[in-house]
Amino acid sequence: MTPDRLRAALRGVPDPQWLDAALRRVATEPAAIPRYFAAAARRCGRGPVPDPPGWTVDEAARALLLTALPGGHATVAETLYREGDAAEKRAVLRALPLLPIGAECVPLLHDAIRTNDTRLVAAALGPYARHLEQPAWRQAVLKCVFAGVPLAVVDGLPDRADGELAQMLAAYAAERHAAGRAMPADATDLLDRLTTTTEA
Amino acid sequence: MRIFDPHIHMTSRTTDDYERMAAAGVRAVVEPAFWLGQPRTGVQSFVDYFDSLIGWEPFRAGQFGVRHHATVALNPKEANDPRCRPVLDVLPRYLDKDGVVAVGEIGYDAMTPAEDAALAGQLALAVAHDLPALVHTPHRDKARGVERTLAVVAESGIAPGRVLIDHLNEVTVDLVRDTGCWLGFSIYPETKMSPPRMVELLKAYGTERMLVNSAADWGRSDPLLTRATGEAMLDAGFDADDVDRVLWRNPVEFYGQSGRLDLTDLEDPAATFAGNSILRGGA
Ligand SMILES: [Zn+2]
């Protein structure tokens, strides 16, 4: 994902002047970002963009606002997350892999994964989750299975899933089985794949 | 019957309530920030509460197909506590949020000077943020409280059509009817207002600018009394369009003045996440 691709995705917003002005202002006056960030969904829209898949207009607009900052990305991202509503938090999480930052924002992933808001849990497992420690990442994947979040949201799942995750999934499958409940198909597939790989 | 409850404290209600409300036709609610029964001792408690009103509670409501918006304010009771008054300084940040469709509940409890200042200050915030205001009227000394409220509203310069005066009854309705403000009635199991009394008021005053809410909270209250009022209206000879006006179009028109009411896709029976139901227990 690149800012240019997001910018292209937002060509059809109802009021492109508003977004352009917001991006210019944020580039020169970073302190102005909170109000633009809060207003982005009602000014630009909330529906899905045709491309990139899986992004909505408000997420794309907010991510673009963050990329427009002249510096201090991690600090501003943290403030916007902490002071944001659920949609703003989600947009910050989705923007993290696009920002020139290191692992400073990992605490935001921890916060999102602790919530019971499945949209936040899902948004925390994008490409930036490569900075997440393996035990926390496994717990988050298991939480997706538990809460019915499709595993397709987990970036890099096939490469990162390990034997420990397989054990956790197997134990959870046994628990579900004992309760007469089925596992989600994507979790069963993952478990099958991991078990086959381990045995091979 | 589609129902928009313009005043209900869902934070105090259970998922059973959400299920029963959705089954009764409640598709949208506005949850005003208010007193929690237990007094708060500092600003951070309000911040967590406001965050929940624009974070967790809308998500919880969405799981049952109910659209949730909020109003945010320092309530009159706690405006009297100097430890809580700095809440006024964090309000502007919340008044920018999509889910916040008015300033409220503001108004009077015991009609103190501190309440005067909080009411006037927050009406000014509503004007500055281009938002409507939800004004609670006091339970005690009600008629004088309504008169004083209307005087402060007039002085603030906010357009009367952007103000909802709530918890009215047979005694106070006349004070508000000709001011241009919207009139709110809270239907309670025993106190305040009942469905049959509400129907009489609608017969006498018409359906224009009239709003009916359950104001359900942590006290004895019933989130289905909006529906009961709609049925009582039909029994009394009002038609389905009258009921739709009072229980849906009026609240949509009032809060729609915020420009932030989002009622898209309300036909969906339940929120889904990429096709999967999210109606599950806590993780
Ligand atoms: Zn209330």
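The values are calculated or read from the model by the stated rules, or taken from the named source; none is laboratory data. Computed from a prediction, not measured in an experiment: that's the story for all the values here. Heads up, the Cβs are rebuilt from the backbone with ideal geometry, glycines too, and the neighbour counts pull from every protein chain shown. Areas reflect the complete protein model, heavy atoms only, side chains present, ligands, DNA and RNA absent. Shrake-Rupley method; radii C 1.70, N 1.55, O 1.52, S 1.80 Å.
A few points about this structure:
- Qualifying positions in the range B:4-35 - within 14 Å of chain A (Cβ to nearest Cβ) and either without any contact (Cβ under 8 Å) to a residue 40 or more places away in the chain or surrounded by fewer than 24 Cβ atoms within 10 Å (Cβ to Cβ) (or both): B:T15
- Filtered by the rule that a residue be within 20 Å of A:P127 (Cα to Cα) and among the basic types (K, R), the range A:39-87 gives a lone residue, A:R62.
Table: residues versus (1) in contact with a Phe, Trp or Tyr (Cβ under 8 Å, 6 or more places away or on another chain); (2) at pLDDT 95 or above; (3) surrounded by fewer than 23 Cβ atoms within 10 Å (Cβ to Cβ).
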{"position": "A:A74", "(1), (2), (3)": "no, yes, yes"}
{"position": "A:E88", "(1), (2), (3)": "yes, yes, no"}
{"position": "A:V92", "(1), (2), (3)": "yes, yes, no"}
{"position": "A:L99", "(1), (2), (3)": "no, yes, yes"}
{"position": "A:E104", "(1), (2), (3)": "no, yes, yes"}
{"position": "A:H110", "(1), (2), (3)": "no, yes, yes"}
{"position": "A:E133", "(1), (2), (3)": "no, yes, yes"}
{"position": "A:W137", "(1), (2), (3)": "no, yes, no"}
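- Just one of the numbered conditions (1) within 14 Å of another protein chain (Cβ to nearest Cβ); (2) more than 15 Å from the chain's Cα centre (by Cα); (3) surrounded by fewer than 21 Cβ atoms within 10 Å (Cβ to Cβ) is not true of A:D20: (1).
- Of the residues contained in the range A:173-184, none is found to be under 17 Å from A:G54 (Cβ atoms), hydrophobic (A, V, I, L, M, F, W, C) and within 14 Å of another protein chain (Cβ to nearest Cβ).
- Some residue of the range B:127-148 being among the polar types (S, T, N, Q), free of Cβ contacts under 8 Å to residues at least 40 places away in the same chain and farther than 16 Å from B:P32 by Cα: no
- When restricted to residues that are more than 16 Å from the ligand (Cβ to nearest atom) and aromatic (F, W, Y), the range B:5-56 contains 2.
- Here the range B:201-223 is the region considered, the condition is being more than 15 Å from the chain's Cα centre (by Cα) and more than 16 Å from the ligand (Cβ to nearest atom), and the residue that is most open to solvent (accessible area, probe 1.4 Å) is B:K203.
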